[in-house]
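Worksheet for the structure shown next.
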Amino acid sequence: MTRRRDFLKNSGALALSSLFFQKLNAASFFSNNAHLSKIGLQLFSIPKLLEKDFAGTMKMVAGIGYKEVELFGPYPFSTDEAKERWKKIVPSVGFSGSGFFGLSIKEVKKILSDNGLSSPSMHTDLSTLQNNMEQLAEGAHELGATYVILPSYETQPNLDAYKRLADKFNAIGASAQKSGIRFAFHNHGNGLKEMDGKIPLELIIEQTDPKAVYLQMDIYWTTAGGIEPAALLDKYPGRYRLIHLKDMKKQARFSGDGGDPAR
């Protein structure tokens with residue numbers, strides 16, 4: 001059984017999907033916040049615990065009071081390109097587990113169900129979204145997920161490149177719609193600084209179809225990138241459907257474009 005102190009030790013960023021919120025005493029939090037009926041955890045926060053004991057960790061997560069979890073890939077149905085890219089970063093992140101952590105999707109769904117948990121969203125990658133949408137959608141349907149989410153993208157050299165990225169997002173969103181799921185984009189710290197008179201993230205939002213491309217805001221990355229999260233929520237009402245919230249112990253700002261967490 002995963003112990004509470006191990007959970008706290010290994011929890012880095014606690015996140016939120018409809019809404020994911022950093023609050024370990026979730027039951028108490030719910031009682032004082034009627035607008036939040038469910039609080040969830042992004043599983044990239046606790047990968048080493050999951051790799052060691054997936055079922056035990058899910059029991060711990062549910063015991064704390066979380067109701068939802070958000071998975072991260074690659075998955076068995078991800079593209080070979082995505083799997084190879086993951087292998088290359090394993091040495092730097094210190095764990096190899098991802099997706100279903102060696103379990104079948106049926107086993108994962110049962111473990112979640114046994115603990116009163118659901119998974120409304122899944123982080124994935126651009127290659128899988130573009131080339132394996134049918135398989136991704138099948139997995140999402142089986143798990144009960146509504147959103148498949150791109151968690152980041154490479155910094156683009158100019159606004160024309162960001163426009164092409166927006167076109168890719170529109171195509172992915174349309175493909176997801178046909179497959180009965182929803183595509184969402186999660187921002188990191190890049191694309192938040194003005195380029196030739198325009199903020200790239202805002203260009204992406206404005207040039208994507210609001211009925212096919214949804215957004216997942218990361219409060220920490222947005223703030224560290226120099227944008228007030230509330231301003232984006234006000235400027236683009238209805239576009240943001242999911243939110244990640246991480247702790248910022250002291251005010252942080254990226255000195256560069258935010259593509260590298262160290263800058």
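What number comes out for the charge environment of Thr223, summing +1 per Lys or Arg and -1 per Asp or Glu over other residues with Cβ under 12 Å away?
On the way: positive: Lys246, Lys250, Arg253; negative: Asp218, Glu228, Asp247.
For residues surrounding Thr223, the net value is 0.
List the residues whose amide H sits under 5 Å from the amide H of Ser118, counting only those 5 or more places along or on another chain, with H placed 1.01 Å from N in the peptide plane.
Glu68, Val69
If the cut-off is a Cα-Cα distance under 22 Å, which lysines reach Lys52, setting aside same-chain residues fewer than 8 apart in sequence?
Counting by Cα, and skipping residues close in sequence, Lys52 has these lysines nearby: Lys9, Lys67, Lys83, Lys87, Lys88, Lys106, Lys109, Lys110.
Report, largest value first, the span of the C-alpha coordinates of the stretch 190-231 along each principal axis, in whole Å.
Principal extents (largest minus smallest coordinate, Cα): 28, 25, 16 Å.
Please identify the GluC sites (Glu not before Pro) of the stretch 127-192 that satisfy two criteria: DSSP loop assignment and at most 13 other Cβ atoms within 10 Å. Which are they?
Working: sites: Glu134, Glu138, Glu142, Glu154; in loops: Glu154.
Here the sparse-neighbourhood loop sites are Glu154.
Return the distance in nm (one decimal) between the two label points of a simple spin-label model at Gln135 and Asp234, each offset 7 Å from Cα along Cα→Cβ.
So the two model labels end up 4.6 nm from each other.
Using a ≥ b ≥ c from the Cα gyration tensor of the stretch 127-240 (square roots of the eigenvalues), is it rounded, prolate or oblate, where a/c under 1.5 gives rounded and otherwise the larger of a/b and b/c decides, a/b for prolate? Before the final figure, lay out the partial values.
Working: a/c = 2.04, a/b = 1.62, b/c = 1.26.
Verdict is prolate for the stretch 127-240.
What's the extension gain from Asp80 to Lys163 if we count 0.36 nm per residue and subtract their Cα-Cα distance? Display every interim value, and only then the final one.
Details: separation 83, 0.36 × 83 = 29.88 nm, distance 2.70 nm.
Full-extension gain reported as 27.2 nm.
With N set to the number of residues, divide the alpha-carbon radius of gyration of the stretch 35-174 by 2.2 N^0.38 Å and report two decimals. Don't skip to the end; give the middle numbers.
Numbers: Rg = 15.9 Å, N = 140, 2.2 N^0.38 = 14.4 Å.
So the stretch 35-174 has a normalised radius of gyration of 1.10.
Taken together, the values in this text are just the output of simple stated rules run on the coordinates, not laboratory data. This one's a predicted model, so the numbers in the text were calculated from it and none came from an experiment. Here the Cβ is made from the backbone with ideal geometry for all residues, glycine too, and neighbour counts use every protein chain on show.
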